[in-house]
1. Which value, in debye to the nearest 20, describes the size of the charge dipole of the chain about its Cα centre when Lys and Arg Cβ atoms bear +1, Asp and Glu Cβ atoms bear -1, and nothing else is charged?
2. Given Cα pairs under 8 Å that are at least 6 residues apart, what percent is the relative contact order of region 33-298?
3. Students often get this wrong: which residues of region 160-201 have the backbone nitrogen under 16 Å from the point 7 angstrom along Cα-to-C-beta of residue 246?
4. Peptides 49-57, 82-90: what's the order by average Cβ count within 10 Å, highest mean first?
5. Any idea how far apart residue 277 and residue 211 come out in nm if each label point goes 7 Å out from Cα toward Cβ?
6. Can you give the extra length, in nm with one decimal, that the chain gains between residue 173 and residue 111 once fully stretched, where that is 0.36 nm per residue apart less the Cα-Cα distance?
7. Given region 33-298, what count of lysine pairs have C-alpha atoms under 25 Å apart, with each pair 8 or more places apart or on different chains?
8. Could the peptides 119-127, 244-252 be put in order, highest first, of the mean number of other beta-carbon atoms found within 10 Å of their residues?
Amino acid sequence: MSTHTSSDEVEPWRWPEEEWRRRVNRVRAGRSLKPPSWPGGKRCAVALSFDSDHDTNELRDGGKSIGRMSWGQYGNRQGMPRILELLKRAAVPATFFVPAVSALLYPDEQRRVIAEGHEIGLHGWIHEVNSLLSAADERELHLRSSDTLTEVTGVRPVGMRTPSWDFSPATLAIQREMGLLYDSSLMADYDPYEIEEHGERTGIIELPVEWIRDDAVYFNMNRFAALRPYTAPTDVLDIFRREFDAAYAEGGLFLLTMHPHVIGYRSRMFILEELIRHMKALPDVWFATHRDVALHARTML
């Protein structure tokens, strides 16, 4: 009878050094890919992104709440049109990360996004928590999602944002198998960097996210847990503007994550409008899709 004990059954303070080093080095930030300047000699890059989760926030947990699904539908009926009209007026491109189920529910939305010059990236099948899946299930869902988005839009995605902003032990290998250009799920920097796997270069570019630069953490609520939004929209604008101003001063990347069913309200859309106005008032700001930022960062490899 085997008496082998896996590292998952041992308290972390008992791990040998090679175990905690192995865990840390599985997926790690490698060399910085922050360029000396952005295309056209621009000083700062701005990558606006929207996670078009819609109804999948309820569906992914097996939920049946019609109320929560109607909240997701608002993202399609009101949030997306308001966002797309603002981006069109400002002549600013953006990237939309779309669960495949959202694309199947609202195919015309995705076709409009592509037709208006924006990018669509991978965001899981049904906004599943990919880091809890088996490697086989995660792989199948990512591949199926890519095929579905390609069929709906006519364009194969080149980037991924995992629905849980996390990696399982298999995620990076799946991304490499798919030949993706970039990921946008991790948080080791402000600026682009190359992802390493066990100390080896992968060629995949990370465009880092952060909860500070995400609208949902300030405005989401849970009616049954007595959790309510506590940050005023004007304060959220101030946080986002300060994050951008620092990126501009450093000549780096400002990447912002938003959600149509969160930012797309009458009392919140001014945040995005005022932020774009502020950014466009400064010289040498490059507005780009995540794809184009990653392509430029790749020249640093």
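1. Dipole size: approximately 880 debye.
2. Values: 498 pairs, mean separation 78.3, N = 266.
Computed value for region 33-298: 29 percent relative contact order.
3. Label zone hits: 187-192.
4. Ranked from most to least packed, the peptides come out as 49-57, 82-90.
5. 3.2
6. Full extension of this stretch gives 19.4 nm more.
7. 5
8. Working: 119-127: 25.0, 244-252: 16.7.
Per-residue mean Cβ counts within 10 Å order the peptides as 119-127, 244-252.
Read the figures in this text as sums done on the coordinates, not as results from a lab. In this text the structure is predicted, and so the values were computed from the model without any measurement. Please note: Cβ atoms are built from the backbone with ideal geometry, for glycine as well, and neighbour counts cover all protein chains shown.
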